[in-house]
Amino acid sequence: MTFGRFARTVVCMVAMMTLIVGVAVAAQTSTAPTAQSAPATSSGLSTPANSQDAYTLPPDTLAKAIAIGRIRNFENLAGSVWGILFLWILLATRGWSWIERWAKRISNRQWVNGLVFFAIYLVVSAMASFPFVWLVQHNEHAYGISVQTWGSWMGDQGKALALRLLFGVPLLLLFNWFVRRWPRRYWFVSWLVTLPILVIVIFVSPLLSPIFDKFEPLQKNHPALVSELEKVVARTGTNIPPDRMFLMKASLKTNGLNAYVNGIGATKRIVVWDTTAGRVPNDEVLFIFGHESGHYVLNHVQKYLVIYSVGLFFVYWVCAVFAAWMVKRFGASWGLNELQSTDDESSVRPTALASRTGFVVLLFAIAIVSFLLEPVGNSIGRHYEHQADVYGQEAIHGIVPDPQKTTLAVWEDDGKAWLEDPHPNPLIEFWVYSHPSIEKRANSAAHYDPWKNGGHGEFFKN
């Protein structure tokens with residue numbers, strides 16, 4: 001394969017996905033419900049609204065939520081499937097093996113041609129996923145959720161790609177070296193190294209946020225909110241002082257609402273979007289912070305890391321076996337045999353996997369297994385989010401006049417801001433939702449009032 005053929009292959013693949021995305025946008029635009037449309041689920045099946053639902057939308061907003069919900073479903077599922085197909089197409093057409101041979105012509109040094117190969121891998125992957133990323137932004141704009149200019153958005157995409165190249169290329173090169181150094185046990189070594197990397201990512205992520213967004217001390221313009229937040233800090237024991245409470249200038253990019261706690265140890269902080277502070281009552285911000293605090297107090301971060309780490313042990317092992325089988329079955333047609341450094345039949349599989357193209361086969365295996373296991377991880381996430389919802393509602397008890405009313409107001413405002421469908425498709429919710437639907441969260445809050453008859457909450461005794 002010449003460079004011209006490879007370039008044409010990539011361009012054609014991106015053009016094909018752009019066409020599909022364009023057709024999807026046109027179809028959604030032409031069939032989007034009007035304000036007078038009858039209520040329907042995201043699957044398009046008409047269903048009567050449940051009069052007891054705690055989260056409802058007016059007809060015009062409901063029509064928009066249903067329309068954008070369908071597009072989001074397409075984005076989530078089609079984007080994941082396309083990511084897998086993209087890797088397979090370039091394997092089947094020997095695109096990756098050609099890139100590897102071309103990188104070797106640039107330099108005989110293993111680490112140099114490895115850096116070149118994985119940099120191209122990340123850039124080409126970003127190009128392939130761009131139509132779906134663009135679709136998300138297009139629809140957020142069309143439905144009034146995003147207000148970010150296209151120039152600013154493209155700048156963010158460039159920064160994100162630069163960070164992926166800066167950190168991703170060396171990491172891919174390191175894991176590829178593990179396959180070369182320990183051809184039989186590389187998956188175990190990779191698993192051991194992955195665990196501290198996860199912790200580092202959680203620690204460092206708040207430090208990278210200013211690359212994309214502007215922050216200032218929350219105390220500067222919202223001192224009353226800081227005082228109220230300190231009450232929740234004292235009640236939950238999260239130990240976050242005012243100098244680690246920040247206001248993010250989200251209004252430059254979105255009309256959505258959000259507030260969160262992120263980081264770990266010295267980087268742990270509260271971040272409140274400026275679309276939230278001053279736009280919704282402080283009581284609602286207190287609940288959101290109480291919810292986020294619940295993840296830390298209930299050790300969700302640690303628990304998730306343990307569960308993820310145990311699961312990753314088996315995922316890496318399964319992917320190693322799966323990738324070895326694919327190399328044996330498709331290695332010749334994918335051009336892997338030509339990249340082997342030995343003719344020793346006993347080392348065919350590990351040697352082939354140790355090549356750059358062989359490592360892409362590993363990434364291909366991980367992409368497939370990760371997609372199939374997505375509902376498992378999301379089920380765990382939804383469980384923890386529900387616990388944090390209950391914790392947040394309890395955390396503001398005695399601080400706000402009516403915790404139940406405040407919590408319901410949060411889901412109402414949040415659902416309207418983000419145009420969340422009150423009745424999402426159950427299968428879509430099961431597969432792709434990492435959080436419970438707004439419908440379920442609001443209904444849960446509406447039925448949770450342990451103090452009504454003099455009782456106490458699950459996590460707080462007063």
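Key figures for this structure:
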read-out: Residue within region 163-175 that is assigned to a helix (DSSP H, G or I), surrounded by 15 or more Cβ atoms within 10 Å (Cβ to Cβ) and modelled with pLDDT under 95 present; value: no
read-out: Hits in region 426-448 (condition: assigned to a loop (DSSP other than H, G, I, E, B) and buried (at least 16 other Cβ atoms within 10 Å of the Cβ)); value: Tyr433, His435, Pro436, Ser437, Tyr448
read-out: In region 205-214, residue farthest from Asn262 (Cα to Cα) [restricted to those that are within 17 Å of the chain's Cα centre (by Cα) and open to solvent by 40 Å² or more (accessible area, probe 1.4 Å)]; value: Phe212
read-out: Unique match (being at pLDDT below 95, farther than 30 Å from Leu171 by Cβ and open to solvent by 10 Å² or more (accessible area, probe 1.4 Å)) among Pro242, Pro196, Pro217; value: Pro242
read-out: Pair list, Cβ under 6 Å, 6 or more apart: region 90-109 residue open to solvent by less than 80 Å² (accessible area, probe 1.4 Å), other residue among the aliphatic types (A, V, I, L, M) and not in a helix (DSSP H, G or I); value: Arg94/Met1; Trp98/Met1
read-out: Meets criteria (free of Cβ contacts under 8 Å to residues at least 24 places away in the same chain, out of contact with any Pro (no Cβ under 6 Å at 6 or more places or on another chain), basic (Lys, Arg) and in a helix (DSSP H, G or I)) for Lys405; value: yes
read-out: Neighbours by Cβ (under 6 Å, 6+ apart or cross-chain): first from region 152-180, farther than 17 Å from Val360 by Cβ; second aromatic (Phe, Trp, Tyr); value: Asp156/Phe212
read-out: Selection from region 320-341 of residues that are part of a helix (DSSP H, G or I) and closer than 20 Å to Ser97 by Cβ; value: Phe322, Ala323, Ala324, Trp325, Met326, Val327, Lys328, Arg329, Phe330, Asn337, Glu338, Leu339
read-out: Condition check for Val306: under 22 Å from the mean Cα position of the chain (by Cα), assigned to a helix (DSSP H, G or I) and either at pLDDT 90 or above or over 23 Å from Ser125 (Cβ atoms) (or both); value: yes
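Residues checked against (1) open to solvent by 50 Å² or more (accessible area, probe 1.4 Å); (2) among the hydrophobic types (A, V, I, L, M, F, W, C); (3) outside any helix (DSSP H, G or I); (4) at pLDDT 95 or above:
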site: Ala352; (1), (2), (3), (4): no, yes, no, no
site: Gly377; (1), (2), (3), (4): no, no, no, no
site: Ala388; (1), (2), (3), (4): no, yes, no, yes
site: Pro424; (1), (2), (3), (4): no, no, yes, no
site: Glu458; (1), (2), (3), (4): yes, no, yes, no
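The values are calculated or read from the model by the stated rules, or taken from the named source; none is laboratory data. A quick note: this is a predicted structure, and the numbers were derived from the prediction, not measured. Glycine gets a Cβ as well: all are built from the backbone with ideal geometry, and neighbour counts include every protein chain shown. Note: areas computed on protein heavy atoms with side chains; ligands, DNA, RNA excluded. Shrake-Rupley method; radii C 1.70, N 1.55, O 1.52, S 1.80 Å.
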